[in-house]
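Reviewing the structure listed below.
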Amino acid sequence: MPPAGRGGRRPATLRLVTRTGLTDTIAAIATAPGSAGVGIVRVSGEGAHAIADALFRGRRRPSRTPGGRFLFGHLLAADGEVLDEGLCLIFRAPRSYTGEDVVEFQSHGSPAVLGRVLGRVLELGARLARPGEFTLRAYLAGRLDLSQAEAVLGLVEAHTDAARRQASLGLSGALGARVARIGANLTRTLAAIQAMLDYPDEGVPEEDRDAPLTAAEADLSALVASARAGQVATRGARLALIGRPNAGKSSLLNALLGYERSIVTPIPGTTRDYLEAGVELAGVPVTLVDTAGIRDTRDEVEAAGVRQAVALAGAADLVLALEDGSLPREVLPTELPGGARVIRVRTKADLSAAWTDPAALDVSAVTGEGLPDLRDAISAALLGDTARGEAWLTTERQADAARRALGHVQAARTLPDDLAGWELEEALRALSDLTGRDVQEDVVDAVFRNFCVGK
Ligand SMILES: Nc1nc2c(ncn2[C@@H]2O[C@H](COP(=O)(O)OP(=O)(O)O)[C@@H](O)[C@H]2O)c(=O)[nH]1
Ligand SMILES: [Mg+2]
């Protein structure tokens, strides 16, 4: 039965409790498969301490040991055989990751030892945890919201420093706080609209309604924009260098890489195919793509390369559009596909300038002049305000919720007050989907399905 008076908050939670039998005790190997110095078997639930008493022999009984302590001793098989020596870490509800009684056995990290320890834990009455079930319990205990649970997954899977930083911010609740700030502004707007409707003669200042709505819209737009950065941080980015033949694309690629990957010659049309090379920029793995110079050409091979260059630019997360600064400026014969963002670069800045443009960065691949600024611009374009420590959206699920919220806020702006109020309520609902405070069971399931067993 949903708790009374709170609008049926967390109905999904209650269904999950009954369906998965959340009072039972679960166990899993929490460390990665394979050999390691240390391995961990984690046990959570009402029976955790009793299982530890039966399995572990140390200076005291685990069930008599205060939470937050650990014991050194022996892990025993059913017949008393010593499986290994190790540690038993004791946590007491509610002060544990899951909010339940938890023990963690640390032993040597071999598959043989961990397999026996886990086998014994299961014999003693625990069942094998499903993927993500420890974190699911933390969520159900109210210790994490859904976006924080996703951040846990992000931390487990982080391959880049940018991804780690983001997940860590998400886990800290920074994303939740950012969303709450937006929600508070929407609620203020709703209150002002309600007051206008209820007391049309009182003269509620327009400002009370418009200022928080404007702030919420700006915050939401930034949040939606951050979703792309979040994905870039997680999976890396593609950066295409394009420009006319001889603009200095291959030279700049080599300069960004720090080694000679691409052939550089004074002959226009040297690079006819494209080539890729990986480099880390701003903590993000970036694939640099060198393309054929774009020009009108009769050469069939070169023409194919030009078409490919335009397509590569369209598919990239970011485009560096290079123009030779030492020659009179010529526009590219091809319109670049929209979508990808573009940084304009005036190359060969060490030579005397034939033109200048405040919208272009001056860079020399020969002297290295302008390279630090270019790296900063790339990082800002790929990661946006996230470099300033703001929390971003890191999953498509979160991005979808934020886009829906923004859509409703934008719709609210164009509507008369009574209809605007409805849109704002929908926006608030989309925001609560984002942090997962009142979401449907299938959404929760989908999030936790991606976890590994033991997390
Ligand atoms: N002085 C100077 N020459 C450059 C610079 N970058 C490229 N070049 C020269 O310009 C020519 C074309 O360079 P390349 O990188 O092959 O251009 P791409 O055709 O766009 O790949 C070569 O002779 C390079 O040595 C630069 O920053 N300064
Ligand atoms: Mg080239």
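Calculated translational diffusion coefficient of the chain (37 °C, 0.692 mPa s; Stokes-Einstein with Kirkwood radius over alpha-carbon pairs) equals 126 µm²/s.
Summarising the amide proton neighbourhood of residue 360: residues at separation of 5 or more, or on other chains, whose placed amide H is nearer than 5 Å comprise an empty set.
Write down Rg/Rh for the stretch 96-249, rounded to two decimals, with Rg from the C-alpha atoms and Rh from the Kirkwood relation over Cα pairs.
Working: Rg = 24.5 Å, Rh = 20.4 Å.
On the Cα set of the stretch 96-249, Rg over Rh gives 1.20.
A 1.4 Å probe over all protein chains sorts 425, 150 by accessible area into 425, 150, starting with the largest. The C-alpha radius of gyration of the stretch 236-388, expressed as a fraction of 2.2 N^0.38 Å, stands at 0.97.
According to the calculation over all Cα-Cα pairs in the stretch 61-130, the P(r) per 10 Å bin from zero is 19, 50, 30, 1 %.
Around the amide H of residue 354, modelled in the peptide plane, lie the amide H atoms of 326, 327, all under 5 Å away and 5 or more residues distant in sequence or on another chain. Entry note, the chain: relative contact order of 16 percent, from Cα contacts under 8 Å with a spacing of 6+ residues. Across the protein chains, with a 1.4 Å probe defining accessible surface, the residues 49, 108 rank 108, 49 from largest area downward.
Counting other Cβ atoms within 10 Å of each Cβ, which trypsin sites (Lys or Arg not before Pro) in the stretch 205-306 have at most 15 and sit in a DSSP loop?
Working: sites: 209, 228, 235, 238, 249, 261, 272, 295, 298; in loops: 261, 272, 295, 298.
For trypsin sites (Lys or Arg not before Pro) across the stretch 205-306 that sit outside H, G, I, E and B with at most 15 neighbouring Cβ atoms in 10 Å, the list reads 298.
Give the residues of the stretch 49-89 whose amide nitrogen is closer than 11 Å to a point set 7 Å from the Cα of residue 95 in the direction of its Cβ. The answer is 66-69, whose backbone nitrogens lie closer than 11 Å to the label point. Ligands, DNA and RNA excluded, the heavy atoms of residue 133 present near 10 Å² of accessible surface to a 1.4 Å solvent probe.
Annotation: for a label point projected 7 angstrom from Cα along Cα→Cβ of residue 301, residues of the stretch 248-283 with backbone N closer than 18 Å are 262-276. Each label was represented as a point 7 Å from its Cα along the Cα-to-Cβ direction; for residue 24 and residue 331 these points are 7.0 nm apart.
Against the criterion of solvent-accessible heavy-atom surface with a 1.4 angstrom probe, 452, 88 sort, most first, into 452, 88.
The values are calculated or read from the model by the stated rules, or taken from the named source; none is laboratory data. Nothing here was measured: the structure is a model prediction, and the numbers come from that model. Neighbour counts are summed over all protein chains in view; Cβ atoms, including those assigned to glycine, are modelled from backbone coordinates with ideal geometry. Quick note on the areas: whole protein, heavy atoms, side chains included, nothing else; ligands and nucleic acids left out. Shrake-Rupley method; radii C 1.70, N 1.55, O 1.52, S 1.80 Å.
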